[in-house]
1. Once label points are set 7 Å from the Cα along Cα→Cβ at both L195 and T294, what is their separation, rounded to one decimal in nm?
2. Select from the range 101-210 those GluC sites (Glu not before Pro) which occupy a DSSP coil region and have at most 13 other Cβ atoms within 10 Å, ordered by residue number.
3. Report the extension gain between R126 and D143 in nm, rounded to one decimal, defined as 0.36 nm multiplied by the number of residues separating them, less their alpha carbon distance.
4. Please report, to two decimal places, log10 I(q)/I(0) for the range 218-274 at q = 0.14, 0.19, 0.26 Å⁻¹ as given by the Debye formula with identical point scatterers on the Cα atoms and no solvent.
5. For the range 85-249, go through all pairs of different Cα atoms, get the mean of 1/r, take its inverse, and jot down that Kirkwood value in Å.
6. Student exercise: in the range 164-300, how many lysine pairs 8 or more apart or on different chains have Cα atoms under 27 Å apart?
7. Is it possible to state the helix-based mean residue ellipticity at 222 nm for the chain, with each DSSP H run of 4+ residues giving -39500 (n - 2.57), the sum divided by total residues, to the nearest 500 deg cm²/dmol? What is it?
8. Could you name the lysines whose alpha carbon sits less than 20 Å from that of K38, not counting residues in the same chain fewer than 8 places away?
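Coordinate-derived values only; no laboratory data. A quick note: this is a predicted structure, and the numbers were derived from the prediction, not measured. Ideal geometry is used to build each Cβ from the backbone, glycine not excepted, and the neighbour counts take in all protein chains shown.
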Amino acid sequence: MPANLTQQYKKAEQRYKLAGTDAERLDALEEMLREIPKHKGTEHLQADLKKRRSKLKAAIEGSGKKSGEVKHVDVFHIPKSGAGQVALIGMPNAGKSAILAVLTGAHVHVADYPFTTDKPAPGMARYEDVHIQLVDAPPITADYAPPGLVNTYRNADILAIVIDLAGEVLEQMKVCTAYLDSHTLILDETANNPLARKTFVIATKADIAPDSTLETLKELTERPFEYIEISSEAQTGLDGLLRRIFEMLDIVRVYAKKPGKPADMTDPFTLKRGSNVHDLAYHIHRELADKLKTARAWNSPNIHDGQNVPREHVLSDKEIIELHFG
Ligand SMILES: Nc1nc2c(ncn2[C@@H]2O[C@H](COP(=O)(O)OP(=O)(O)OP(=O)(O)O)[C@@H](O)[C@H]2O)c(=O)[nH]1
Ligand SMILES: [Mg+2]
């Protein structure tokens, strides 16, 4: 086994091992293939991964298929990857695919006619050293939304309503909120609805928006959404958008360190805010978590660098943790 596999590769491998379904396994395997360093030392492993990939693909295509029956793959289910998943919702031509393209480099079609996108597609954006998954989606209208689309939104951590500021903003807002309401997807603080998702608004095409369109939209929308104004074309507001998404995900990043070795500061683990040292150990390795003996922390508020911390120690963003297993 070559020694120079990246953290990202190892995480994907971990995901592969923990996957519950073939589809998740395939997704993790694809990431491993993307992340594996491409050189002579990894040729065998690459070949092995590719072999496993074709087997999995065959298994997925074969499953549920009786003779002559058409295969069923849920194209609306986008397996999660990265620190969190944000799915876009909007009317035709709103600019959803353009957001994916500019933030993730995913190969999505951006075009000047409606209904360009016909199924959801993921892409990976980056905020500092955190990977955030964005999901492009086919459009909805007042009369129609693809029936399976609700699955895409149910699976996401956060929903982003994409409004074209150069279009009919009130109509777009009405159609999107009506859709989210009718599927009880929208977060109503008072209703304690477990199906609801955190929802905010991306107001796009700021470069060609008539003056004060956004102000009007805010004034006439009753729900207290957060609005983030961007332009994919002029590439404005994008850093702020990613920073807010990171904050909304409510996660902390933690750099794990082996005793006697420097921490890998390039690729943090991400955990829900409020997680502790034991959660980190569990996240890294399920079986090892209970064998955790001690831990030391660096870059932690109120703690001297290198001090021992208990397993109940709550992690803060950017902490470095050294785990000692018994
Ligand atoms: N000026 C300007 N044009 C934009 C911007 N974002 C998208 N567009 C244009 O708007 C049109 C539609 O963009 P898409 O990203 O394909 O829209 P969509 O929401 O994915 O459309 P559907 O796939 O039909 O749902 C394209 O011609 C884009 O070039 C922007 O920020 N500024
Ligand atoms: Mg599109």
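1. It works out to 5.1 nm between the two label points.
2. The qualifying sites are E128, E168, E189.
3. Working: separation 17, 0.36 × 17 = 6.12 nm, distance 3.51 nm.
Length gained between R126 and D143: 2.6 nm.
4. Log-scaled intensity ratios, in q order: -0.63, -0.86, -1.03.
5. 15.7 Å
6. Here the count comes out as 17.
7. -10000 deg cm²/dmol
8. Result set, ordered by chain and number: K10, K11, K50, K51.
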